[in-house]
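As structure tokens, the structure follows; a few thoughts come after it.
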Amino acid sequence: MGFDSGTVSFRVFHLRQGLTRDSIEQFAAMAAPPIETLSRDAIQGWVSWRHLLDREVTEERCVFSSWMHLAMMRAERKIPGALLRAYCRLEEEIERKARGADFLDRKARSEVKDRVVSQLLPTMPPTLTGTAAVVDFRNDRVLAEAMSDAQIDRFCPFFRETTGQMPLLLNAETLALLRSRVNAADLMPASFTTDAEVENEVQTSLGLEFLTWLWYAWEKDGGVFRLKNGDECGYMLEGPLLFYREGKGAHEAVLRKGSPLLRREAGMALFCGKKLKRAKFTLARGEQTWTATIDADFAIRGLKLPPSDQPDPTGQFQERMLAVETFLEAYFELYDRFLALRCNPAEWSLCLAGLRAWVARLAGV
């Protein structure tokens, strides 16, 4: 479960005050209740990374060097929709005959449903869900498998209840503020098309602009760059591609098969005012490669890490987390380069001219 094997999908959160190894005591105090205590209401709490019923949240089990690995477990009883509807229809028929009525009003049907739920719910097996998380002490981050808005809305408040601080979701806007002190609201919206029929941009979308620029820069410069530590890296983009734009007309377009980056449809999507929202991203450093699907909101999906050489599980986890850190830092440094360009009016003006010419060429216009 979580970050210990296979591909990983996660969102990155920033911790303003950071955490230390001693914070394991806070998570242990909010460990999940025994599953036997589950009644009608859902229960949740922290468990170790091993499995969703391992309530032993200790430093020995969950803390590995600079990382703490655990999961937020949620347990609830659910009645399958088809089963609930069938029992409700059955009980409504019995109630209607008992009353000698031709039909039941809304209030009566609601009472029947409440009665059915009260009878069936205690007999349902527990449904367990888990959100794996890694607290990175050194970088003041949390990586969490909270990919949907609903998962984020459950994870963040419970994390705050546990530690006293709300994790800040890193997206294009919050990351720009943290790393470069750039406020997206201070930037003028940018259009990458010369089509006069496309209405003006309604707001700045740094994430969409960044992914589209990343594609343009890869084709223009070959995708080779050097990290701040001196390491040389390369990257490439692949399909499937998801395009998005605000305003009137079709908001999304997806290109899946063949070589979508080379197809005229991709150029036409950009020429019609859309920007790149999702693509497959491959990073290479030496003989190591990372592959993931990247989103304009900075969600990382299906990240495949370089193979580990460590024989023991602890060593494998630590090596995997170092690989995740390398991927994130390289990706964030590419974003830093985009932000530096975006905030320089003269350089951005030249870049926009190049982008628009590139879009027109891809679209064949």
field: Interatomic Cα distance distribution for the stretch 1-156, bins of 10 angstrom, percent
entry: 10, 30, 24, 15, 12, 7, 2, 0
- request: Just tell me the longest site-free run in the chain, where the sites are GluC sites (Glu not before Pro) in a DSSP loop having at most 16 other beta-carbon atoms within 10 Å.
  value: 57-196
message: Under a Cβ-only charge scheme (Lys and Arg +1, Asp and Glu -1), can you give me the dipole magnitude of the chain about the Cα centre, in debye to the nearest 20?
response: 1040 debye
- line: Under the Karplus relation with 6.51, -1.76 and 1.60 and θ = phi - 60°, whole-Hz ³J(HN,Hα) for the stretch 46-53, x at Gly and Pro, equal 8, 9, 6, 6, 5, 6, 6, 10
query: Of T282, T289, which has the most accessible area and how do the rest follow, probe 1.4 Å?
result: T289, T282
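How far, in nm, would the chain grow between V365 and R115 when pulled straight, counting 0.36 nm per residue and subtracting the alpha carbon separation?
83.5 nm
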query: How big is the accessible area of R245 in square angstrom, nearest 10, if you roll a 1.4 angstrom probe over the protein chains?
result: 20 Å²
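Considering only protein heavy atoms and a 1.4 Å probe, what is the carbon-and-sulfur percentage of the accessible area of the chain?
Here it works out to 49 percent.
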message: Which one, N139, S66, P345, is farthest towards the positive end of the dipole of the chain when Lys and Arg carry +1 and Asp and Glu -1 on their Cβ?
response: P345
task: Would you calculate, for the chain, the mean residue ellipticity at 222 nm contributed by helices, counting each DSSP H stretch of 4 or more residues as -39,500 (n - 2.57) and dividing by all residues, to the nearest 500?
output: -12500 deg cm²/dmol
message: Using the alpha carbons of the stretch 274-365, what is the convex hull volume per residue in cubic angstrom, as a whole number?
response: 129 Å³
task: Enumerate the lysines that K304 could reach by cross-link, defined here as Cα to Cα under 28 Å, with residues fewer than 8 away along the same chain left out.
output: K220, K228, K257, K275, K277, K280
task: Mind putting a number on the dipole of the stretch 61-201 about its Cα centre? Charges go on the C-beta only, +1 for Lys and Arg and -1 for Asp and Glu, and I need it in Debye to the nearest 20.
output: 1000 debye
- prompt: Which of T7, N171, A42 sits farthest toward the positive end of the charge dipole of the chain, with +1 on the Cβ of Lys and Arg and -1 on the Cβ of Asp and Glu?
  reply: A42
field: the chain, accessible area per residue, ligands and nucleic acids excluded (1.4 Å, Å²)
entry: 50 Å²
query: Near the amide H of G223, under 5 Å away, which other amide H atoms are found, from residues 5 or more places off or on another chain, if H is placed in the peptide plane?
result: none
statement: Diffing the stretch 98-103: the Karplus 3J(HN,Hα) column from phi (6.51, -1.76, 1.60, θ = phi - 60°), in whole Hz with x for Gly and Pro, holds 5, 8, x, 10, 7, 7
field: Virtual spin-label span in nm between E161 and L177, 7 Å along Cα→Cβ
entry: 2.5 nm
message: Given R₀ = 41 Å, what would the calculated FRET efficiency be for M147 paired with R106, taking r from the Cβ atoms and rounding to 0.05?
response: 0.65
statement: Whole-Å distance linking the alpha carbon centroid of the stretch 1-56 with that of the stretch 154-199 is 26 Å
message: For the stretch 98-154, take the convex hull of the Cα atoms, compute a quarter of its surface area, and give me that in nm², please.
response: 7.2 nm²
- prompt: Between the helical axis of 345-363 and the dominant principal axis of the chain, each derived from Cα atoms, what acute angle in degrees is found, rounded to the nearest 10?
  reply: 80 degrees
- request: Could you run the Karplus curve 6.51 cos²θ - 1.76 cosθ + 1.60 with θ = phi - 60° over the stretch 224-234 and give me ³J(HN,Hα) per residue in whole Hz, x for Gly and Pro?
  value: 9, 8, 10, 6, 4, 7, x, 5, 8, 10, x
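The values are calculated or read from the model by the stated rules, or taken from the named source; none is laboratory data. These figures come from a predicted structure and were not determined experimentally. Cβ coordinates were reconstructed from backbone atoms using ideal geometry, including for glycine residues, and neighbour counts include every protein chain displayed. Areas reflect the complete protein model, heavy atoms only, side chains present, ligands, DNA and RNA absent. Shrake-Rupley method; radii C 1.70, N 1.55, O 1.52, S 1.80 Å.
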